[in-house]
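Report on one structure; see the data block that follows.
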Amino acid sequence: MEEPATRQFEMSLSDGASDDDMPLTLPTEDSHSGSIRKGCDPFAQTQRSKLQHRRARINQQINKEMRMRAGAENLFRATTNNKVKETVALELSFVNSNLQLLKEELEELNSNMEVYQTDSEAINVPMIPLGLKETKEVDFTVSIQDFICEHYGEDSSLYDEEIKELMELRQAMRTPSRNQAGLELLMEYYNQMYYLDQRFFPLHRNLGVHFHWYDSLTGVPSCQRTLAFEKGSVLFNIGALYTQIGARQDRSATAGIDKAIDAFQRAAGAFNYLKENFSNAPSLDMSSPSLCMLVRLMVAQVQECVFERVTLTTQDTNFTSQLCLAQEAARVSDVYLLVQQTMTQPLMKDYVPFSWASMVQVKSEHFRALSHYYAAVAHCDHTLSAEEEEGGEEAGKAFLQFYINVPAGPQLSQVLRDPEKRRKLGKAHLRRAVIRHEEAMRVHGLCKILRKMDILQDVLSLTHKRSLDKYSELDREDDFDETAEAPEIQSHTHQKTDITPPNFSTVQVTDIFQKLGPLSVFCARARWGPIRVICLQRGEGGLGLTLRGDSPVLVAGVVPGGCAAEAGLREGDYIVAVDGQDCKWAKHGEVVNMLKTCSDRGVELSVVTLHSHESQVSKRAIMLSHGSDKENTRQRLLGGGKGQSSASLLNWNRKKKREGSGVTKRLGSTFSLSFGSIRDAEAMY
């Protein structure tokens, strides 16, 4: 199932990057102690873990059946024997039946919303969470070891601990806990992949590692070798985990509602970031239409939480406060209607679980019914306050803006002051509320999964009964006039729903493979010659070389005829070791001290020469870069040049150099500092 070469999952350029998108921790010479974040116990018998285990088992079965189907289809096309064709056709029908059953079973699991809901006894409409994408284990050992030996020319056995730490981190992120620690674990691995990409993934070849991920909703497997697919899948799981955290909040208090709002906004931000910055998704759950649907769904759930908070915090029960509640409910109905329309688009119609589509339609009808109920309560139970009576024109104007279209009949200002007219208008609103409640219950009854959700049944039944009781209270025996049609309510909200983009700087990481050296030079994009050992003897005129910069120190010049030149040292060499002591991360002064303290027998320098860099960097302007973890907006690590090949797994843009500045800021919050800015560190020895 390897991806076509021209349709690999990609990260595309975006101009709106911020400093929050970059991992703030630069590699240092200090050794790191590894991640302190751990995943959940995969054998813990919680409801959520049981659900994930069942999903993983079904995903494997679907993968097996799809391989069988692919083989049978190939045989069917290749054979000319009619008897074989009949046998294969029969086998294909059997496999397709199994696949359909497995997908239906998986859909039911993926639609399981009750597992992720809060344990609170409060009666709230359930939210729609998203299950995590499953993935197979990945063994980096052989691929990274081979690359270290071949590309870096080092003994790969020295990096066994680092490889083990990377694999343990990936294994842990497969089972994140459903809290802030789980989010930080996913973010840590996501940020660590920036360094992994720079160290081991050249632009024009792959590492040979296959990343297997399953579609979150259908379980269809996808496999690619590009790290962009791995990053996109992890980012998807960050958004999915936020949906689970939001769904589990106790929304019976404002604190829980605020937490749910924050979680759903961050989920929307993660999905939106994925939609804007990644392309050629191999699975439907990460396709642009699917991500657009998920963003709208999260925004709708935020709007629902806003309505719940307004309901809790509205202390006054006067006329205008009830109108406000009605407009908030109408707003929730509108955004869910938009989600429903997105789910019925051609690509999404057969992909979105039926229970999701049903739940969205139920909520759209339910909140529309609530808007009419609160409008009826405002008309029938609450008179104008003294302040509202004095400002009758302002109240009439506000009432006029309450409806989309002005209803026929008497002026609204007259309706406000006539109790009988208000009663009839309230009765019309209640009639529409009851109709909408009944439609919500009808849609709810058509879905087997929703029928199992007792709390949803309770909410719909209680609100329907409340509207019926209110209608009966307003109905009179001598009410012979036909009930008028209530006008549509203008939706309005007092809190705009925002999308919170992911902030990658909240979790600081250290490059696991920092022992390889500074990323500005020792990366997969750079090419250099083999390590040369130079034996220097101090002469009367010194060593005859000029050093510049830090980490690693650069040989900026060699005196013709001097000791260094005769020993074979060349301008542009990097000093990686002095007398066997690694100094890739050493400062300028530290290397100088090593050279000054050399004995009469001389000093042994290990140097490498940077021949070329895939970003065409010049030797005189090697850039010390700290790249943003927002891969798609990051340029090639050491700057761009003319004639650069575009045959890359990622889409990149070149930046125009800013003039008159030693420090430049790139797109995607990438900062570069040329060696020219630290020329005071250059000295001759």
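The values are calculated or read from the model by the stated rules, or taken from the named source; none is laboratory data. Keep in mind that this is a model prediction, so the values were computed, not measured. When we count neighbours, we look across all protein chains shown, and the Cβ atoms used for this are built from the backbone with ideal geometry, even at glycine. All accessible areas refer to the heavy atoms of the entire protein, side chains included, with ligands and DNA or RNA removed. Shrake-Rupley method; radii C 1.70, N 1.55, O 1.52, S 1.80 Å.
A few points about this structure:
- Note on segment 221-346: the C-alpha convex hull projects to 8.7 nm² when averaged across all orientations.
- If you plug the beta carbon distance of T87 and L338 into 1/(1 + (r/R0)^6) with R0 = 56 Å, you get a FRET efficiency near 0.65.
- Near S279, the amide H atoms lying under 5 Å from its own belong to E10, M11, S12; only residues 5 or more places off or on other chains count, and H is placed 1.01 Å from N.
- With a simple spin-label model that places each label point 7 Å from the Cα along the Cα-to-Cβ direction, the separation between Q180 and E154 comes to 3.5 nm.
- Placing unit charges on each Cβ (+1 for Lys and Arg, -1 for Asp and Glu) gives segment 154-257 a dipole about its Cα centre, and among Q198, S252, L227 the Cα reaching farthest toward its positive end belongs to S252.
- The residues of segment 226-341 expose on average 27 square angstrom of accessible surface per residue, using a 1.4 Å probe on protein heavy atoms.
- Karplus 3J(HN,Hα) series, Hz, for segment 508-515 with 6.51 cos²θ - 1.76 cosθ + 1.60 (x for Gly, Pro): 8, 10, 10, 4, 4, 9, 5, 4
- Pairwise FRET efficiency - R570 versus Q171, Cβ, R0 = 45 Å, nearest 0.05: 0.50
- Residues with amide H under 5 Å from that of L130, placed H, sequence gap 5 or more: T243, Q244
- In order along segment 419-425, phi translates into HN-Hα couplings of x, 5, 5, 5, 4, 5, 5 Hz, rounded to whole numbers, per the Karplus curve 6.51 cos²θ - 1.76 cosθ + 1.60 with θ = phi - 60° and x for Gly and Pro.
- Exceeding the 30 Å Cα-Cα cut-off - candidates K424/K496; K349/K465; K133/K448; K275/K584: K424/K496; K349/K465; K275/K584
- Per residue, the Cα convex hull of segment 563-605 amounts to 79 Å³.
- Over 31 Å apart at the Cα level, from the set K103/K452; K427/K452; K164/K587, are K427/K452.
- Backbone HN-Hα couplings from phi across segment 456-462 [Karplus 6.51/-1.76/1.60, Hz, Gly and Pro as x]: 5, 4, 5, 4, 5, 5, 5
- Interchain or long-range residues, amide H under 5 Å from V576's placed H: S606, V607, V608
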